[in-house]
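The values are calculated or read from the model by the stated rules, or taken from the named source; none is laboratory data. Values in this document were obtained by computation on a predicted structure and should not be read as measured data. Note: ideal-geometry Cβ built from the backbone for every residue, glycine included; neighbour counts use all protein chains shown.
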Amino acid sequence: MEKLSQLLNRSFDEKLTNKEEQQLETALSNNPGLRKEKQEIEEVRALLSDYNPAFEEGFAKRVLAATDQYIQNGDNLFYLFKRFVFGSAAAIAALLVSVYLTDGAISFDSLLGISDINSDTILLALSNF
Amino acid sequence: MSNNANDRKIVKEVYRKDFELVKKVLQGDQFAFGVLVRQYQLQVAKTVIGMLGKTQEAEDVGQEVFIRFYRSMKQYNGDSALGTYLTRIAINLSLNALKKQKNKQAGDLTTVEYQLSSENTAAQHDTKEVVQKALQQLEPEFRSVVVLRMIEGYSTKETAELLKLPLGTVLSRLSRAQTKLKEILKKEITH
C-alpha cells in the first residue's frame with residue numbers, strides 16, 4: 001500500500017511510465033482506501049491553488065514611495081559626484097594654468113617644480129651638508 | 001489557428017506589453033512602474049506571504065522585490081515572463097529572510113490541530129489562515145517547492161529552474177511535502 005501511495009503522490013507531479021500508470025489505474029479501481037487518498041490529495045491541492053493572499057492595502061503606493069526615495073537618493077549621490085568631478089577638474093586646470101604662467105611650459109619637470117634645478121644646483125646643495 | 005499556437009501568441013503578446021512598460025519606466029515614466037506593481041503585486045504576494053506568512057516581514061520583503069526589480073530593470077530583456085522574473089527575486093529574498101530568522105515561525109502539528117478544532121463553523125473558518133498555518137509547518141526547502149508548484153502553478157521543470165535545483169530533488173520534496181500537508185490539513189478537507 002505504501003508503494004501505491006508513493007505512486008499516487010508522484011502521479012500529481014511526474015509523468016509516470018505506461019506500466020506505472022496502468023498499475024495505479026488498476027489499484028485505484030480496486031482499492032477504496034487509495035481512491036480516498038487520491039481525493040484527499042486533490043482537495044489539498046485545490047486548497048493550495050485557491051490560496052490568494054494579498055499585501056495590506058496601499059502596498060503599491062508604498063512601493064512607489066520607496067522607489068521615489070531611491071531615485072532621489074540616487075540623484076543626490078549623482079549630484080554630489082558631479083560636483084566632486086567638476087571641482088577636481090577645475091582644480092587640476094587651475095594648477096596647470098599656474099604652472100604654465102610660472103614656467104612658460106607644461107612639462108613633467110615643471111609640474112614637479114624641478115625645472116630650474118640643474119646638476120650644479122644639486123652639487124651645491126649637497127656640498128652644504 | 002491551433003490552441004497551442006494561439007496560446008503562444010497570447011503569451012508573447014503579454015511579454016511584449018510587459019517589455020514596453022519596462023522600457024517606459026526606464027525612460028522615467030513612474031506611472032508605468034505603478035502599473036507594473038499593481039499588475040504583479042498579487043503574484044509576488046502569493047510567493048512572499050506563502051513563504052513568510054502574513055507578517056510585516058512579508059510586506060517588507062514584498063516591497064524589496066519591486067525595489068530590486070527597479071534597480072535591475074535594465075537586465076530584463078522581455079525573453080521571459082515578467083511575473084516569473086519577479087517570482088525569482090521574491091523566492092530568493094524570501095529564502096534569505098527565512099535563513100535570517102532566529103526562531104522558526106512554524107508551531108507544532110498539535111497546535112495547528114487545536115486551532116482547527118477550535119473553529120466553530122465553516123463560516124468562521126478562514127481557509128486562507130488555515131493554509132498559511134499549514135505552510136508554516138513545512139521546512140523552507142519544502143515550502144518553496146509547494147509555493148511555486150502548487151500555489152503559483154509553475155510546472156515542476158519551471159520550479160526546478162527557479163530554485164536552481166535538480167528536477168529529481170524538486171519531485172522528491174513535492175511528494176514529501178504533499179504527504180505532510182495531507183496530514184496537517186486532514187481535518188479541513190474531511191470536514
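The residue that is surrounded by the fewest Cβ atoms within 10 Å (Cβ to Cβ), counting only those in the range A:1-54 that are hydroxyl-bearing (Ser, Thr, Tyr) and not in a helix (DSSP H, G or I), is A:Thr17. All of B:Gln63, B:Gln75 fail the test of being buried (at least 17 other Cβ atoms within 10 Å of the Cβ) and of a type in the set (S, T, N, Q), apart from B:Gln63. Of the residues B:Lys187, B:Lys182, B:Lys133, B:Lys104, the single one that is on the phi < 0 side of the Ramachandran plot, at pLDDT below 60 and of a type in the set (Lys, Arg) is B:Lys104.
Looking only at residues in the range B:16-47 that are facing chain A (nearest Cβ under 10 Å) and of a type in the set (Lys, Arg), the one that is nearest to B:Tyr154 (Cα to Cα) is B:Lys46. Taking the range B:121-137 as the range and being under 22 Å from B:Ala58 (Cβ atoms) and part of a helix (DSSP H, G or I) as the test, the residues that pass are B:Thr127, B:Lys128, B:Glu129, B:Val130, B:Val131, B:Gln132, B:Lys133, B:Ala134, B:Leu135, B:Gln136.
For B:Gly50, state whether it is more than 25 Å from B:Arg149 (Cβ to Cβ) and at the interface with chain A (Cβ under 10 Å from one of its Cβ atoms). Break it down stepwise before answering.
Values: more than 25 Å from B:Arg149 (Cβ to Cβ): no; at the interface with chain A (Cβ under 10 Å from one of its Cβ atoms): yes.
When the stated conditions are applied, B:Gly50 does not pass them.
If you take the residues of the range B:130-145 that are touching a Lys or Arg at 6+ places or on another chain (Cβ under 9 Å) and touching a residue at least 60 places away in the same chain (Cβ under 8 Å), which of them is farthest from the other protein chains (Cβ to nearest Cβ)? Across the range B:130-145, the extreme among qualifying residues is B:Pro140. Restricting attention to the range B:149-174, report how many residues are closer than 15 Å to A:Val44 by Cα and either away from every other protein chain (no Cβ under 11 Å) or among the hydrophobic types (A, V, I, L, M, F, W, C) (or both). Selection size over the range B:149-174: 3.
Looking across the range B:39-76, the residues that are of a type in the set (D, E, K, R), assigned to a helix (DSSP H, G or I) and farther than 12 Å from A:Phe59 by Cα come down to B:Lys46, B:Glu57, B:Arg68, B:Arg71, B:Lys74.
The sole residue among A:Leu28, A:Leu47 that is more than 7 Å from chain B (Cβ to nearest Cβ) and aliphatic (A, V, I, L, M) is A:Leu28.
A count restricted to the range B:55-90 and to residues that are farther than 21 Å from B:Arg149 by Cα and polar (S, T, N, Q) stands at 6.
For the structure I just gave you, tell me whether B:Ala90 is modelled with pLDDT of 50 or more, within 14 Å of chain A (Cβ to nearest Cβ), crowded, with 18+ Cβ neighbours inside 10 Å and assigned to a helix (DSSP H, G or I).
Yes.
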